[in-house]
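We did not get these values from a lab; they are worked out from the coordinates using the rules stated. As the structure is a computational prediction, the values presented were derived from the model and not from experiment. Virtual Cβ from ideal backbone geometry, glycine too; neighbours counted across all protein chains shown.
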Amino acid sequence: MTDTTIAPGSVALITGGTGGFGRALAALLREREVTVVLADLDTEANRQTAEGLGAHFVGLDVTDRAANAAVVASVEAEHGRLDAAFLNAGIAGNSRDTLDVDEFLHVVDVDLFGVVYGTEAALPALRRAGGGSIVVTASLAGLAPVATDPGYSVAKGGAIAFVRSLAPRLVGDGITMSAICPGFADTAIIDPLREEFAAADFPVLSADEVASAMLAAWAGAEPGAAYVVQPGVGAVPYKFKGVPAARTASGETAVVPQALMPPSLR
Ligand SMILES: NC(=O)c1ccc[n+]([C@@H]2O[C@H](COP(=O)([O-])OP(=O)(O)OC[C@H]3O[C@@H](n4cnc5c(N)ncnc54)[C@H](O)[C@@H]3O)[C@@H](O)[C@H]2O)c1
């Protein structure tokens, strides 16, 4: 990632902001004098967490489409602009051996549709700011299958596909959209598995390592990139293989019709 300077006084919104990655990122951003707004489920504990970090708090359930727009409107009203949206709220499923479709749908609602709604809400504000960044916290689970949690894998894979699909047409607006794909990291989300990791001596990332990658993505991600973050590896862009192109009757690589490209990319 190419590092560019994040200007002090910039305004960043982090959904799921009072969780492990959100807190670590908020601390890094406050060190850079960024105005930080943490959006998370509205509880007294979450409000206090934000206050302790010198960040603002706003209650948000990311599955509520209208509420996402209202949060961005409140950020612009109170802080004048939005420069970066970290769409980071997420949950994992718990039913490891059964296909629980209700749970599956809920995970997809939070981890995928929360990202779609957050993007819809943030884009107009980022355009008004003259450009900015959207950094989506996806997961390695979006790149590799997770036998114990298919809903999580679908949601994170969908989030990565969403970022890759949308990012190219935002470049012209000066908006960089990218995804972060951490392996297992030491936050509350792995509490149900924590003892098993320890017993297997399996390395997990620290929240700070992931937050550094999120910060670097704001500062200089490649549009549409999905950065894998793994212990001992750091943050590296995932190399997608691509798909076989169609061939014409004469064996040439077929050119995709212009109508399949958004007008901004023709
Ligand atoms: N920790 C890991 O191993 C790991 C690995 C890869 C990806 N991730 C992803 O990182 C992101 C952050 O998770 P974390 O590891 O900090 O875990 P965490 O549980 O500490 O934080 C998740 C936060 O999201 C919030 N949240 C949950 N549902 C919400 C909703 N409907 N609306 C708004 N906020 C909601 C929670 O209140 C919590 O503060 C998630 O998207 C998670 O899937 C985590």
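Given Cβ point charges of +1 (Lys, Arg) and -1 (Asp, Glu) and nothing else, what value in debye, to the nearest 20, does the dipole of the chain about its Cα centre take? Intermediate values should be presented prior to the final figure.
Details: 17 positive and 30 negative charges, 254 e Å.
Result for the chain is approximately 1220 debye, rounded to the nearest 20.
Taking amide hydrogens as placed 1.01 Å from N in the peptide plane, the amide H of residue 144 sits under 5 Å from that of no residue at least 5 positions away in sequence or on another chain. Between residue 265 and residue 44, residue separation times 0.36 nm minus the direct Cα-Cα distance comes to 75.0 nm. Pairwise Cα separations in the chain fall into 5 Å bins from 0 onward with the following percentages, short to long: 1, 6, 12, 17, 19, 17, 12, 7, 4, 2, 1, 0, 0, 0. Comparing 105, 46, 217 along the charge dipole axis of the chain, the residue lying farthest to the positive side is 217, per the Cβ-charge model. Bridge orientation summary for the range 11-265: considering DSSP beta bridges with both residues in this region, about 15 percent are antiparallel. Annotation: for a label point projected 7 angstrom from Cα along Cα→Cβ of residue 100, residues of the range 137-155 with backbone N closer than 19 Å are 146-155. Annotation: extensible slack from residue 256 through residue 198 equals 15.9 nm (criterion: 0.36 nm per residue apart, minus Cα-Cα distance).
All Cα-Cα separations within the range 159-243 were binned at 10 Å from zero, giving a P(r) of 17, 41, 28, 12, 2, each value a whole percent of the pairs. Highest mobility in the GNM of the chain, judged by mean-square fluctuation with C-alpha springs under 10 Å and restricted to 232, 157, 17, is found for 232.
Just order 64-76, 173-185, 117-129 by mean Cβ neighbour count inside 10 Å, highest at the front, would you? Working shown, then result.
On the way: 64-76: 17.8, 173-185: 23.1, 117-129: 20.3.
Result, highest mean Cβ count within 10 Å first: 173-185, 117-129, 64-76.
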